[in-house]
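Nothing in this text is a laboratory measurement; each read-out follows from the coordinates by a stated rule. These numbers come from a predicted model, not from an experiment. Note that each Cβ is placed from the backbone with ideal geometry, even for glycine, and that neighbours are counted across all protein chains shown.
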């Protein structure tokens, strides 16, 4: 056993703080991208972070003299300071430049974002790589500190955004990063590094304090000046959280805004405009208690369900500015349960603009609930005559991934099954979506496909589906109304007369057909061959494939000639472009260095560690993405994607890493046990997750969190062991460790894009299965490598053993001197 140098405690603090800073900053730019560009660009934030960390690792690998072990502290402090300065600088430039992303400028926008935001992650990558690969190997403790810092970062940013704005948060992150650099280098003789890190930390801390004070006191401060090409003026209220930015501006008294109005209202109404991530918008209407002033709401097709049949008990999913609550009051509903997932919107209606909107939460029979609709309905015993979902789009990317929208889980077969269970006998589910008779029928078709699947789950035969579905249209809005109980002839005739009298166009009904596609969907002929034959993917979205808005297939994304930024399917094209970029990055950062190394190293020596660390990068990211997507709805809020799922994975991975000791060379049985435990826990978690989430959907929030932690913790604990195990096996190639770390980083970038693409194309369960297969590759490589090493060691000991054997036989005749 050789002795190992002790690592000073300040380095554990340093890697903890840098990991905290890089993950927090990644989450913040995810939000910036979603607000200022478009939600699908937010997905690039993860890729940019991983690309930057990889560039930092390759910088350490390419300059071994500069980044030698004796210079770790000095270089860490310098690069931590540059991380702080570049992160703040990129953010300020991004906020102040009037970004206009037209159709032809999408690739250019990605290129500019790459240039601006890869730089800070590169500096952070240098810092982390230095500590993981240039300090003496002490087992998994450093890597554990790295993962724990990231875990605290993903949890901490939730609470940070509850108190201060994201600009102030960015300044504080920079101050802490530079500050920990000063702590590392403060006893060094390099006065320049000490002064740089200290000055940067102090300056950013002062700026953060001042800016936080301006924000908390409501004074003018640095913020979003331009978003999606429009200047952000006239803001009355702004609130950020980890999955949206809510803004309210004044509209003044004018003709009221409506979505599917059959005629222009004569009245003039005072309204405010509320938008989410500077995109999806609604209105807050001044309400003084005189519901008659809002009679124009009867002309809106989103309220068609009230004409199909009266509704006394109503559930409104997605409160927005309170328009659907006012509609319920207008139509005489005696009990309205309004369910809103976003606490910022809840704050708008119940506090900031409560007087303006008429204190809707205090109206007789009205109650507002801050919760995720499916989660609330699943554990509530309340039943309704009508569940109304009107144009729920936030276009706000959650930090779980830019294509993981908050509203994704409302438009799935399982979601509608949940809503059907919440209906009274004869109750209605009303869902309104955007529609275009010529070019935008995809959402209508998919709604009909979801309805057909969900109704058949309730026991409705394919031949009877048309008696359960009604679709009405005005302008660019279609409302699909379904009910588990069939409409009788008398019920339908009465409803039809009322709808037509109001001026609504009936697209579908028990005796009304629309076109051949909807006719097939509402029959027993809608098989897989039928869906494959269509130009768009309109198959019913499910919880395993919840991407309702994407009707293009990845197989034909290259044929999407127009980067129409208003099209949902542009996200498919952006994801395809990111896959190409990620593959090019893998070629540059893995294949080219590998080929150069292969000229001076045996392939049998080089290939195993590269394959191992690549498989870890792919496997970890695929498991993380798929479990986050599967558990967010079960937990009941997108914020739990960070506070429970990602935090648990990172926390227990860090604990698992800490269990790996410095000497792994003589513990083959322990290694085999760790690998067996990893594969077993991954398979068990994959099989149990859909079963447990279905079984436990009615549990209380605390119990659902506990169940999620129990599902995530065992495999996460084992996943965290794999990286330090690899370092232990291949640490004899110490000069290549930064290259191995960069390999892990760039394959994580590739997997972050691939994971979403695979989920859209093949489903989340299959994406998870591929992650398990990646860890199976890790297991094979490490076991094979340990076996080869043991053979080599035996071969080296062979001659000595033979000589010792001869000496033993000759006994007193031959004496070996003491060595």
Roughly speaking, what is the stretch gain from residue 734 to residue 598, that is 0.36 nm per residue apart minus the C-alpha to C-alpha distance, in nm to one decimal? 47.3 nm
Sorted from fewest to most neighbouring beta carbons within 10 Å, what does the list 768, 12 look like? 12, 768
Whole-number percent relative contact order across the range 1-227, with pairs defined as alpha carbons under 8 Å at least 6 apart: 36
What whole-number distance in Å separates the alpha-carbon centres of the range 595-658 and the range 523-545? 32
Helix 72-96 against the longest principal axis of the chain: what's the angle in degrees, Cα atoms only, rounded to the nearest 10? 20
I want to check the label-to-label distance for residue 580 and residue 710. Put each point 7 Å from Cα in the C-beta direction and report it in nm to one decimal. 4.8
In nm, to one decimal, how far is the modelled label at residue 112 from the one at residue 511, with both set 7 Å along Cα→Cβ? 5.9
FRET efficiency, residue 766 to residue 266 (Cβ-Cβ, R0 60 Å, nearest 0.05): 0.65
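Estimate the FRET efficiency between residue 421 and residue 10 by the formula 1/(1 + (r/R0)^6), using the beta-carbon distance for r and 56 Å for R0, to the nearest 0.05.
On the way: r = 56 Å, r/R0 = 1.01.
Computed FRET efficiency for residue 421 and residue 10 comes out at 0.50.
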From the helices alone, meaning DSSP H stretches of at least four residues, give me the mean residue ellipticity at 222 nm for the chain, per-run term -39500 (n - 2.57), in deg cm²/dmol to the nearest 500. -18500 deg cm²/dmol
Place a point 7 Å from the Cα of residue 501 along the Cα-to-Cβ direction; which residues of the range 286-300 have their backbone N under 19 Å from it? 295-300
Expressed to one decimal in nm², the mean projection of the alpha carbon convex hull of the range 1-227 is 13.2
Counted neighbours (other Cβ, 10 Å), sorted fewest up, put 586, 778 in the order 586, 778
So what's the angle, to the nearest 10 degrees on a 0 to 90 scale, between helix 191-216 and the longest Cα principal axis of the chain? 20
Between residue 688 and residue 773, what is the FRET efficiency for a Förster distance of 22 Å, r being their Cβ-Cβ separation, to the nearest 0.05? 0.75
Can you put 680, 122 in order of Cβ neighbours within 10 angstrom, beginning with the fewest? 680, 122
Cut-off 16 Å, label 7 Å out along Cα→Cβ of residue 531, residues of the range 601-634 by amide N: none
Could you give the nm distance between label points at residue 701 and residue 676, where each point is 7 Å from its Cα heading toward the beta carbon? 4.2
Based on alpha-carbon positions alone, could you give the equivalent ellipsoid semi-axes of the range 273-339 from the gyration tensor, as √(5λ), descending, whole Å? 20, 14, 12
Please give the helix 764-810 orientation as an angle from the longest Cα principal axis of the chain, in degrees from 0 to 90, rounded to the nearest 10. 10
